[in-house]
Amino acid sequence: MRKIGNVFGETYSKRLSYIRELYANEDELLKNIRLYGEANDRPININPEEGKLLQVLIKLHKPKVVIEIGTLYGYSTIWMVRAIENGEIYTIDRQDCNIEKAEQNFAKLENNLGKKINLIHGDAQEVLKNLNVQADMLFIDADKINYLNYLNWAENGGVRKGGLVVADNVMLSGAVYMDSLPERVRITAKNNMIEFNKRLANPEKYESIILNTEEGLSISIVV
Ligand code: DHB
Ligand code: MG
């Protein structure tokens, strides 16, 4: 679990536990994926309440095609696929070890839900170029330096009008509003993310908000 308590304080962390226990319970599969990430020093999944939020968005928006950039071990994919009634997910990752782990996790899904997931191994920009589908919903949670490139793809017809663009990490560890550069954040990534957020803030193109999570989660409707 990302350490939200450290960023927002103890009261916030208690409120979050309350929400998680009541509304965003993980089953064994999701819990084990999170524990695997923590054990391997990569606790970088979205959090359970963010997974639940994706489910609520999917129930509201009823996308037939969801594209996820950045599968990791499939944690967010599993939250999403469980909310899809009539549709499928394309999820893209370029790392062999992520693909292997995600595949194993999808095989454990109940009710043949794995059949609704198209797991694609490759560089997202290349994959998107050749993927002949238009997304009703795009979820970006991958290499931060390329968020702008993914948005360019979305704007060039990758996501339909009225579709959703959701992105994790849009605060980039605070880089987008801080004068100094946080550890491990490159200036190019910072500048790109600032531009990404500015573009999503344009009311002629999007209806957007950033949720004030630890890393920032943006939700935008393509106008
Ligand atoms: C990192 C990536 C993420 O998507 C995230 O939510 C947190 C951290 C990372 O690469 O460090
Ligand atoms: Mg993320």
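The values are calculated or read from the model by the stated rules, or taken from the named source; none is laboratory data. Quick caveat, the model's predicted, so the values are computed rather than measured. We place every Cβ from the backbone using ideal geometry, glycine too, and count neighbours over all the protein chains shown. Side chains included, ligands, DNA and RNA excluded: accessible areas come from the protein's heavy atoms. Shrake-Rupley method; radii C 1.70, N 1.55, O 1.52, S 1.80 Å.
If you go through segment 134-148 one residue at a time, do you hit one that is more than 13 Å from ligand 1 (Cβ to nearest atom), hydroxyl-bearing (Ser, Thr, Tyr) and on the phi < 0 side of the Ramachandran plot? So far as segment 134-148 goes, no, none of its residues is more than 13 Å from ligand 1 (Cβ to nearest atom), hydroxyl-bearing (Ser, Thr, Tyr) and on the phi < 0 side of the Ramachandran plot.
Given the criteria open to solvent by less than 60 Å² (accessible area, probe 1.4 Å) and β-branched (Val, Ile, Thr), does ILE19 qualify? For ILE19, the condition - open to solvent by less than 60 Å² (accessible area, probe 1.4 Å) and β-branched (Val, Ile, Thr) - is not met. Within segment 159-181, the residues that satisfy the criterion of being open to solvent by 20 Å² or more (accessible area, probe 1.4 Å), at negative phi and more than 14 Å from ligand 2 (Cβ to nearest atom) are ARG160, LYS161, VAL176, TYR177, MET178, ASP179, SER180, LEU181.
In the set (1) in contact with a helix residue (DSSP H, G or I) (Cβ under 7 Å, 6 or more places away or on another chain); (2) aliphatic (A, V, I, L, M); (3) under 30 Å from ARG184 (Cβ atoms), ILE117 fails one condition alone, (3). For MET193, the requirement of being open to solvent by 20 Å² or more (accessible area, probe 1.4 Å), within 16 Å of ligand 1 (Cβ to nearest atom) and over 21 Å from LYS62 (Cα atoms) is not met. For segment 103-157, a residue qualifies if it is among the acidic types (Asp, Glu) and either over 23 Å from ILE210 (Cα atoms) or open to solvent by less than 40 Å² (accessible area, probe 1.4 Å) (or both), and the qualifying residues are GLU103, GLU110, ASP123, GLU126, ASP136, ASP141, ASP143. When segment 42-82 is filtered for residues that are surrounded by 24 or more Cβ atoms within 10 Å (Cβ to Cβ) and among the aromatic types (Phe, Trp, Tyr), the ones remaining, listed by number, are TYR73, TYR75. Any idea which of LYS129, LYS144, LYS115 is closer than 17 Å to ALA167 by Cα, of a type in the set (Lys, Arg) and modelled with pLDDT of 95 or more? Within the list LYS129, LYS144, LYS115, the selection yields LYS144.
Table: residues versus (1) more than 16 Å from ligand 1 (Cβ to nearest atom); (2) within 13 Å of the chain's Cα centre (by Cα); (3) part of a helix (DSSP H, G or I).
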site: ILE19; (1), (2), (3): yes, no, yes
site: LEU29; (1), (2), (3): yes, no, yes
site: GLU50; (1), (2), (3): no, yes, yes
site: GLU68; (1), (2), (3): no, yes, no
site: THR77; (1), (2), (3): no, yes, yes
site: GLU85; (1), (2), (3): yes, no, no
site: TYR90; (1), (2), (3): yes, yes, no
site: LYS101; (1), (2), (3): no, no, yes
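Only a single criterion out of (1) open to solvent by less than 40 Å² (accessible area, probe 1.4 Å); (2) away from ligand 2 (no atom under 15 Å from the Cβ) is not satisfied by GLU100, namely (1).
Here are some residues: ILE69, ILE145. Which one is under 26 Å from VAL176 (Cβ atoms) and out of contact with any strand residue (DSSP E or B) (no Cβ under 6 Å at 6 or more places or on another chain)?
Residue meeting the stated conditions: ILE145.
Yes/no per residue for (1) under 12 Å from the mean Cα position of the chain (by Cα); (2) within 13 Å of ligand 1 (Cβ to nearest atom):
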position: ASN25; (1), (2): no, no
position: ARG34; (1), (2): no, yes
position: ASP41; (1), (2): no, yes
position: LEU54; (1), (2): yes, no
position: LEU60; (1), (2): no, no
